[in-house]
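Peer 1: Here you go, one structure.
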Amino acid sequence: MTLARRAKGGLDRIVVHGAPFARGQQYGQLARQKIRHAIERYREVFRHRAGLEWHTALAHARTFERGIGEFSPASLQEMRGIAEGAGVEADAILALNCRSELMFAAADAAGRNPPSECTAFAVLPEASENGHTLVGQNWDWVPFAGQVCVLLEVHRDDGPGYLTVVEAGMLAKVGFNSAGLGVCTNTLVTPLERTPRGVPYHVMLRALLDAETMTEAARMLFGTERALAANYLIAHRSGVAANFETIAGDGRNVRVTMPDRGVIAHANHFLAPEFADLDLYVTKHPHSLFRLDGMRRGLARALPRVSVDGLREILRSHENAPDGICSHPDGKAHPLEARVTVASVIADLALGEVWMTAGPPCRSEYERYELRGLFDGARGSRSMASA
């Protein structure tokens, strides 16, 4: 196991190996301080944004444990390993990985604002400058998330290796695996989250990184009862991509949109007409409409030769500031309700290269990470790329 301390503007990179529990244990040991910090901050978040005291949050999280174990035993083992490695109670790690279900359900029931985050895209080979599949997003969340984020690199014997940028203690967020699959995501909010059941959102994101093809990923989404509404923008280096808009439930509650002119984008509101009346997000956070429009216009201007450099400029857009694609905290917002771009990510799935910033991309250089080490089992490498 390895911990590479962040360079200026970068993320701490954690490299783990082995079976699920061992991987989790290594992760917990290496990210111990950040995991404990994340737990303390989420105590505050649950209380402020959802009216949940910590003991209540833990009790709610435990209701998901059996379903997680049935769906993905490895994920449950990973979480238990994280807890042991970090020296914290297992329920606390479970609560971190169910944080969206806990907050969305309670916030909606209490009439509070739902959390807000993320603008994602994919570019297929026919629309990209180098003929490769490009995918990525700006991940927007509360400002303290930047203090607890890590870049987790997982080498496995039981499936594809993967790289994910994630809050310490959680299984996965935006991620890319050694089979050439990229998973980006946008949270969505409906009334169906008031009494959630099924597989939690971040467990679903982790499980998708087991898929080696788009078909496997789609089969997983259609074949699983999911606890939370979300959009999963998934792409593969072979040149296919799709948005999977989901609401809580089974495969009947999935709608798929395909790329247009070789590009596809999504923010935090539903595009499927039959789901529009359920959308609780866009009425409280209409900036999602303008972020998606800005991303689409930026991609259209760059066609038919969308480049990584061009994507960086789109992701740095401040149109409709402070709620642009590159997001900055509104000075009038409570610190636990403010929104900022925690990380900006672009991946070339054919080259196995990821460019990433820690914090808003307008203020940070993109660092280049190579996934080749995941392909051959060797340690990956990192070098600086000019912004």
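Just so it is clear, none of the values below were taken in a lab; they were calculated from the coordinates. What you are looking at is a predicted structure, and each value in this text was computed from that prediction instead of being measured. Note that each Cβ is placed from the backbone with ideal geometry, even for glycine, and that neighbours are counted across all protein chains shown.
Peer 1: For the stretch 328-345, take each phi angle, set θ = phi - 60°, evaluate the Karplus expression 6.51 cos²θ - 1.76 cosθ + 1.60, and give the result in whole Hz per residue in order, putting x for glycine and proline.
Peer 2: Per-residue couplings from phi come out as 10, x, 6, x, 8, 8, 4, x, 8, 10, 5, 10, 9, 6, 6, 7, 10, 9 Hz.
Peer 1: Per Stokes-Einstein, at 25 °C and 0.890 mPa s, what whole-number D in µm² s⁻¹ belongs to the chain, with the Kirkwood radius over Cα pairs as the hydrodynamic radius?
Peer 2: Details: Rh = 20.3 Å.
Value of D from the Cα-based Kirkwood radius: 121 µm²/s.
Peer 1: Through the Karplus equation 6.51 cos²θ - 1.76 cosθ + 1.60, θ set to phi - 60°, convert the phi angles of the stretch 239-253 into ³J(HN,Hα) values in whole Hz; use x for Gly and Pro.
Peer 2: My calculation for the stretch 239-253 gives x, 10, 7, 6, 9, 10, 7, 10, 10, 4, x, 9, x, 5, 10 Hz in order.
Peer 1: Still on this structure, please answer the following. Roughly how many debye, to the nearest 20, is the charge dipole of the stretch 145-221 about its Cα centre, given +1 on each Lys and Arg Cβ, -1 on each Asp and Glu Cβ, and no other charges? Write out the running numbers ahead of the final one.
Peer 2: Working: 6 positive and 8 negative charges, 67 e Å.
So the magnitude is around 320 debye.
Peer 1: Here's another thing I want to ask about it. Tally Lys and Arg at +1 and Asp and Glu at -1 over the other residues with C-beta under 14 Å from the C-beta of His266: what net charge comes out?
Peer 2: Result for the neighbourhood of His266: -3.
Peer 1: Taking the dipole about the Cα centre of the stretch 116-384, with the C-beta of Lys and Arg at +1 and of Asp and Glu at -1, give me whichever of Pro304, Tyr162, Pro143 is farthest to the positive side.
Peer 2: Pro143
Peer 1: In addition: Please list the non-local residues whose amide H lies under 5 Å from the amide H of Thr224, H modeled 1.01 Å from N, same-chain partners needing a gap of 5 or more.
Peer 2: Gly251
Peer 1: While we're here: Pulled fully out, how much extra length does the chain show between Gln33 and His318, if you take 0.36 nm times their separation in residues and subtract their Cα-Cα distance? Write out the running numbers ahead of the final one.
Peer 2: Details: separation 285, 0.36 × 285 = 102.60 nm, distance 3.34 nm.
99.3 nm is the gain from fully extending Gln33 to His318.
Peer 1: Compute the distance from the alpha-carbon center of the stretch 270-321 to that of the stretch 32-101, in whole Å.
Peer 2: 31 Å
Peer 1: Count neighbours as other Cβ atoms within 10 Å of each site's Cβ, and list the GluC sites (Glu not before Pro) in the stretch 199-293 that are DSSP loop with at most 14 such neighbours.
Peer 2: Details: sites: Glu212, Glu216, Glu225, Glu245, Glu274; in loops: Glu212, Glu225.
Loop-located and lightly packed - Glu225.
Peer 1: Identify, among Leu11, His285, Met204, the residue whose Cα sits farthest towards the positive end of the charge dipole of the chain, taking +1 on the Cβ of Lys and Arg and -1 on the Cβ of Asp and Glu, with the dipole about the Cα centre.
Peer 2: Leu11
Peer 1: Return the distance in nm (one decimal) between the two label points of a simple spin-label model at Arg219 and Thr195, each offset 7 Å from Cα along Cα→Cβ.
Peer 2: Taking the simple label geometry, Arg219 and Thr195 are separated by 3.3 nm.
Peer 1: Please find, in a Gaussian network model of the chain (springs between Cα atoms separated by less than 10 Å), the residue of Asn320, Asn231, Asn177 whose mean-square fluctuation is greatest.
Peer 2: Asn320
Peer 1: If you place +1 on the Cβ of every Lys and Arg and -1 on the Cβ of every Asp and Glu, how big does the dipole about the Cα centre of the chain come out, in debye to the nearest 20? Walk me through the numbers before you get to the answer.
Peer 2: Details: 43 positive and 44 negative charges, 148 e Å.
In debye, rounded to 20, the chain gives about 700.
Peer 1: When the chain is treated as a GNM, springs tying every alpha-carbon pair under 10 Å, which of Ile346, Ile14, Ile35 comes out with the largest mean-square fluctuation?
Peer 2: Among Ile346, Ile14, Ile35, the largest GNM mean-square fluctuation belongs to Ile14.
Peer 1: Oh, and also: Around Ala122, with a cut-off of 14 angstrom between Cβ atoms, what is the net charge of the other residues, counting Lys and Arg +1 and Asp and Glu -1? Intermediate results must be reported in sequence, preceding the final value.
Peer 2: On the way: positive: Arg237, Arg261, Arg296; negative: Glu126, Asp260, Asp348.
Residues close to Ala122 contribute a combined charge of 0.
Peer 1: Among the GluC sites (Glu not before Pro) within the stretch 76-106, which fall in a DSSP loop and have no more than 10 other Cβ atoms within 10 Å of their own Cβ? Please list the in-between numbers first.
Peer 2: Details: sites: Glu78, Glu84, Glu89, Glu101; in loops: Glu89.
Within the stretch 76-106, no GluC sites (Glu not before Pro) qualify (loop, at most 10 other Cβ atoms within 10 Å).
Peer 1: I need the peptides 337-344, 18-25 ranked by packing, meaning the mean over residues of other C-beta atoms within 10 angstrom, with the highest value on top.
Peer 2: Numbers: 337-344: 23.6, 18-25: 20.2.
Top of the packing list down: 337-344, 18-25.
Peer 1: Mean-square fluctuation check for the chain, GNM, Cα pairs under 10 Å: which of Ala272, Ala120, Ala350 is largest?
Peer 2: Sorting by GNM fluctuation, first place goes to Ala272.
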